Amino acid sequence: MSKLIRDVLKNKGDAIHSISAGATVYQALEQMANEDVGALLVMDNGKVSGLISEREYARKVILEGRSSLNTEVKKIMLTKVPFVNPDMSVDECLALMTDKRCRHLPVFENKELVGLVSIGDLVKAQIAEKEYFIHQLEDYIHGAGSAT
């Protein structure tokens with residue numbers, strides 16, 4: 001059984017990094033670097049209005065010849081951001097990320113933002129779960145072998 005997003009948030013913490021739509025792309029990049037994250041939720045009046053990531057910067061600023069110093073986040077942010085709830089499984093969320101070709105998912109519970117998970121968070125959770133099962137199997141094998 002796959003871990004739930006609720007479990008991922010417990011391990012990772014519920015810090016939510018965000019920026020306003022009117023901030024410059026440069027400010028967003030600076031904040032991402034300072035907080036060591038690859039994306040920020042774009043918040044206006046306490047509501048999620050989009051998401052900006054390093055990918056949007058590369059594709060919509062650099063490749064289009066814009067300047068990060070005077071381009072506003074709202075000009076390049078994703079506005080159709082898929083989201084999940086804490087009771088979804090890691091496997092379901094990875095499938096959604098694959099289908100929607102995204103790397104970050106906001107987590108909402110009862111219409112309230114409770115976190116943000118990245119593909120790295122989900123892969124880390126899957127690896128930890130697999131390591132746990134391997135350890136359990138090894139213990140079982142060693143325990144069964146010593147009983148005979």
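The values are calculated or read from the model by the stated rules, or taken from the named source; none is laboratory data. Just so it is clear, the structure is predicted and the values come from calculations on it, not from any experiment. For neighbour counting, all protein chains shown are included, and Cβ atoms are generated from backbone atoms with ideal geometry for every residue, glycine included. Keep in mind that these areas ignore ligands, DNA and RNA; they rest on the heavy atoms of the full protein, side chains included. Shrake-Rupley method; radii C 1.70, N 1.55, O 1.52, S 1.80 Å.
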**Asked** Applying the selection to segment 95-110, what residues are open to solvent by 30 Å² or more (accessible area, probe 1.4 Å) and under 18 Å from the mean Cα position of the chain (by Cα)?
**Response** Ala95, Leu96, Thr98, Asp99, Lys100, Arg101, Arg103, His104, Phe108, Glu109
**Prompt:** Taking segment 10-35 as the region of interest, how many residues are under 28 Å from Ile76 (Cα atoms), part of a helix (DSSP H, G or I) and not charged (D, E, K, R)?
**Reply:** 9
**Complete:** Glu129 vs (1) over 26 Å from Val48 (Cβ atoms); (2) without any contact (Cβ under 8 Å) to a residue 12 or more places away in the chain: all pass except (2)
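If you scan segment 44-54, which residues turn out to be in a strand (DSSP E or B), open to solvent by 20 Å² or more (accessible area, probe 1.4 Å) and under 11 Å from Met77 (Cα atoms)?
Within segment 44-54, Ser49 is the sole residue that qualifies.
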**Request:** Could you tell me whether segment 37-46 includes any residue that is more than 13 Å from the chain's Cα centre (by Cα) and at pLDDT 95 or above?
**Result:** yes
**Message:** Tally up the residues in segment 7-36 that are of a type in the set (S, T, N, Q) and open to solvent by less than 80 Å² (accessible area, probe 1.4 Å), please.
**Reply:** 4
**Request:** Would you mind stating whether Asp87 is of a type outside the set (Lys, Arg), open to solvent by 80 Å² or more (accessible area, probe 1.4 Å) and touching an Asp or Glu at 6+ places or on another chain (Cβ under 9 Å)?
**Result:** yes
